[in-house]
1. Looking at segment 172-196 only, could you name the residues that are under 23 Å from ASN38 (Cβ atoms) and either within 20 Å of the chain's Cα centre (by Cα) or open to solvent by less than 40 Å² (accessible area, probe 1.4 Å) (or both)?
2. Look at segment 187-209 and say how many of its residues are more than 16 Å from SER166 (Cα to Cα) and out of contact with any Leu (no Cβ under 8 Å at 6 or more places or on another chain).
3. Of the residues in segment 256-282, how many are surrounded by fewer than 19 Cβ atoms within 10 Å (Cβ to Cβ), at pLDDT 80 or above and out of contact with any Asp or Glu (no Cβ under 7 Å at 6 or more places or on another chain)?
4. Output the number of residues of segment 284-323 satisfying the condition of being within 18 Å of THR372 (Cβ to Cβ), surrounded by fewer than 22 Cβ atoms within 10 Å (Cβ to Cβ) and among the small types (Gly, Ala, Ser).
5. I want to confirm something. Restricting to segment 72-96 and keeping residues that are open to solvent by less than 10 Å² (accessible area, probe 1.4 Å) and small (Gly, Ala, Ser), which single residue is farthest from THR372 (Cα to Cα)?
6. Tell me, please, whether a residue that is under 24 Å from PHE30 (Cα atoms), open to solvent by 10 Å² or more (accessible area, probe 1.4 Å) and at pLDDT 80 or above can be found in segment 139-151.
7. I'd like to check something: does segment 473-484 contain any residue that is open to solvent by 40 Å² or more (accessible area, probe 1.4 Å), of a type in the set (Gly, Ala, Ser), modelled with pLDDT under 90 and touching a helix residue (DSSP H, G or I) at 6+ places or on another chain (Cβ under 7 Å)?
8. Which residue out of ALA42, ALA69 is touching a residue at least 40 places away in the same chain (Cβ under 8 Å), open to solvent by less than 40 Å² (accessible area, probe 1.4 Å), touching an Asp or Glu at 6+ places or on another chain (Cβ under 7 Å) and aliphatic (A, V, I, L, M)?
Amino acid sequence: MIKKYNDNKLIAFNMIWSIVAVAVNYAITFFMTSYVTNTAGAEAFGFVTLSNTLTSYIDVISIALNAFACRYISIAFHKGNIEEANKYFNSVIIADTVLSIFIIAIGIPTIFNLERILNISEELVFDVKILFVLTLLRYTITIIGTVFSVGTFITNRISFSERQKSISYLVQGFLLIFLFGIFGTRIWYVGIALLIASVYVFVTNIHYTRVLTSELRFNISKFDTVAVKKLISLGIWNSINNFGNILNSGLDLIVTNLMLSPSIMGEISIGKSLGTICNSLLESATNSFRPKLLQVYASGNIKTLVSELKKAMKTTGMISNIIFTGFVVCGRDLFRLWLPTQNTEFLYIIAVIVLMSDIIIGVVKPLYYVFTLTKKLKLPCFITITTGIINVISMYILIKYTSLGAYAVVLTTLVLNYVHFFDTPIYAAFCLREKLTTFYSSIIEHFLTCFIQVFLMYWAFFRFPNCNNWLMFVLKCAMVGVGTIVINAIIILLEKYWNRRRQQA
């Protein structure tokens, strides 16, 4: 028996479990990064990150099919058109399976010749190849299982799938502890743990689809090439956008490997892994609002949709500010305790730049969904591709002709990512036929809050002694966390007071 809750409670449950999933994933990654880096070196960890990054290249193909699948299945389901929902549901399953077989057929031979493509230390060649094979298999399972997440999406019970993700991360963690503890440090053990965790998520998503949306059933006779063509014709713009994202940041590690060194690639991958984890938290928070946003958009109530988008922006903005402020104040202590054998000051600076690039932009993340809802993806794709090309060219020039080195890799992404503070809110408002400045009040408030928090917290803890143990570090983080929450609460109260005074005037 599945309990029913109102929309606000469902969003809250979705977000809580999303945050729990990210927190558990962070804990596992935290342990794995420290262990692999301190025992096998930064280069070894760099290839762990790179193997996951390379799957984003394959996403350029798969996302064309899957980007709109959930949207069309959900809308048909909500309208009671179960026949059409099943047509899309089954067509995507079969097409994804065929695509996965194709990816494996191309990917395995490529991996066997990997040392001819990348700079890999001789002692790591075998481990890296096995790791990449396991990562490829995990990715194909994830592709096939993508459509089975539609059950929790349709019923606004994302909390169920996020809870299972949390359990899968724990499974992954226990496997890593067992394998590292018994057999020593081999980076392909990470691939085994991730593969088994992905199989668990795949199976549980199938279960929830059967329980929550029993009307959706696998039936090969429901496959429809017209439905696949329709999804691809719309999703191709998401593929183009993904390609632009790769040009913007997905090539960082490969460029570093080929133009600088594998060890520097490993150091940058540590900074980027923190950005990825924090970005996952923001993505999870954003995704928690999407079922509600889709329902409101389907009803045609644009004013309510704008209100829900601003609510989502306020939430993601607050989360991004707390994350960034906490890291600016506590980041040096984190690296000193976490990776004492590495160049901690360099790692801190790289990580701050990465977080400035990926996290501060978090306030506009909910607006990206507007382009999917309205099916207006061409202009955002063009902008992303353009900035991506500029990013790659700038990165190459700065590395080759300046002494910036590793900093050139992350600084170019930082500068170009901030373009989205301008194009995203304006075009989202245009797509909804609202005033072009509709969302800028939320963005301005976000920047002011971020500046105030960072300034006050950094000043307050400027003379705080260096943390020499984890207990002291946790205490400092807790104090910074409480401080940022109090500042946010004061700003929210002042905002409400100001709005009330303005309405009375």
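1. Pass one, segment 172-196, residues under 23 Å from ASN38 (Cβ atoms): 172-194.
Listed by number, the residues that qualify are GLN172, GLY173, LEU176, LEU179, PHE180, GLY184, ILE187, TYR189, VAL190, GLY191, ALA193, LEU194.
2. If we filter segment 187-209 for residues that are more than 16 Å from SER166 (Cα to Cα), which is where we start, we get 187-192, 206-207, 209.
After this cut, where a residue has to be out of contact with any Leu (no Cβ under 8 Å at 6 or more places or on another chain) as well, the list is 206-207.
Number of matching residues: 2.
3. Total satisfying the criteria: 4.
4. Final tally of qualifying residues: 3.
5. That would be SER91.
6. Taking segment 139-151 first, the residues under 24 Å from PHE30 (Cα atoms) are 139, 142.
From the residues that got through so far, the ones that are open to solvent by 10 Å² or more (accessible area, probe 1.4 Å) too are 139, 142.
Next cut, at pLDDT 80 or above only: 139, 142.
Yes, because at least one residue in segment 139-151 is under 24 Å from PHE30 (Cα atoms), open to solvent by 10 Å² or more (accessible area, probe 1.4 Å) and at pLDDT 80 or above.
7. Kept after step one, since they are open to solvent by 40 Å² or more (accessible area, probe 1.4 Å), are these residues of segment 473-484: 474-475, 477-479, 482.
If we keep only those that are of a type in the set (Gly, Ala, Ser) too, we end up with 478.
The next check asks that each one be modelled with pLDDT under 90; those that pass are none.
Looking for residues that are open to solvent by 40 Å² or more (accessible area, probe 1.4 Å), of a type in the set (Gly, Ala, Ser), modelled with pLDDT under 90 and touching a helix residue (DSSP H, G or I) at 6+ places or on another chain (Cβ under 7 Å), one finds none in segment 473-484, hence no.
8. One residue alone meets the criteria, ALA42.
The values are calculated or read from the model by the stated rules, or taken from the named source; none is laboratory data. Everything numeric here is computed off the predicted structure, so don't read it as measured data. As a convention, Cβ positions derive from the backbone with ideal geometry for all residues, glycine included, and neighbour counts pool all protein chains shown. Each accessible area value is taken on the protein alone, full model and side chains, heavy atoms only, with ligands, DNA and RNA left out. Shrake-Rupley method; radii C 1.70, N 1.55, O 1.52, S 1.80 Å.
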